[in-house]
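The values are calculated or read from the model by the stated rules, or taken from the named source; none is laboratory data. Treat the numbers as computed from the prediction; the structure is a model and nothing was measured. Reconstructed Cβ throughout: ideal geometry from the backbone, glycine too, with neighbour counts over all protein chains shown. What goes into the accessible areas is simple: the full protein's heavy atoms, side chains included, and nothing from ligands, DNA or RNA. Shrake-Rupley method; radii C 1.70, N 1.55, O 1.52, S 1.80 Å.
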Amino acid sequence: CTGTGNPAETSQGHGICYKGGLEILGGTWKETVLVHIKEFDTASGKGFLKLDAEGASPQHCEKKPFTKPPSSSDIELNFGGCLSGATVTAKYCSDQDTLLIHVSVPNKHVPTVPVTLRKTECPKGKGNGIGPNSSSFKHLA
């Protein structure tokens, strides 16, 4: 993950989406994650995102504030109680236009795992675009 640039500026009603997934423990634990940057202002480095996860632990976090400081790849965010106790750290990799997240799930005997989320088309209409009823749902390795 390299680069400290910003994601593209967005305004309400538009956005940028990043999607990825992982399988661990011989494929017994699978998760697909979609991060939708709903709003981002490059001048202030502040924005709002939505996170949807499907698989072993479905999670849906609406309009969470985040900050991306200038000259840093780190994304400062707090999901509060939204992720059932899991913690997430995130970086925006501007050279690759990807998000790199590290997920830690306490008491599940799962190590902290890195997941690369790649830019994708944002879902249209209802739904989050990653559930089993979604036309774009795929099991990711």
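Pick from the range 41-56 the residues that are closer than 18 Å to Asp74 by Cα and over 11 Å from the mean Cα position of the chain (by Cα): which of them is most open to solvent (accessible area, probe 1.4 Å)?
Residues of the range 41-56 closer than 18 Å to Asp74 by Cα: 41-51.
With the extra rule that they be over 11 Å from the mean Cα position of the chain (by Cα), the set shrinks to 41-48.
Details: Asp41: 56, Thr42: 55, Ala43: 96, Ser44: 61, Gly45: 4, Lys46: 122, Gly47: 6, Phe48: 71 Å².
Taking the candidates together, the pick is Lys46.
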Worksheet entry | Single unsatisfied condition, Tyr18 versus (1) over 13 Å from the mean Cα position of the chain (by Cα); (2) modelled with pLDDT of 90 or more; (3) closer than 18 Å to Pro114 by Cα | (1)
Worksheet item: Where in the range 57-125 are there strands (runs of 3 or more DSSP E), lying fully within it, with 2 or more residues that are open to solvent by 30 Å² or more (accessible area, probe 1.4 Å), closer than 26 Å to Ala43 by Cα and among the charged types (D, E, K, R)?
Response: 59-67, 74-77, 110-120
Worksheet item: Among (1) surrounded by 13 or more Cβ atoms within 10 Å (Cβ to Cβ); (2) assigned to a strand (DSSP E or B); (3) touching a Cys at 6+ places or on another chain (Cβ under 9 Å), which single condition is Lys38 missing?
Response: (3)
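Considering the range 78-103 alone, what residues qualify as being more than 11 Å from the chain's Cα centre (by Cα) and over 15 Å from Lys19 (Cβ atoms)?
Once the filter is applied, which keeps residues that are more than 11 Å from the chain's Cα centre (by Cα) and over 15 Å from Lys19 (Cβ atoms), the range 78-103 yields Asn78, Phe79, Gly80, Gly81, Cys82, Leu83, Ser84, Gly85, Ala86, Thr87, Ser94, Asp95.
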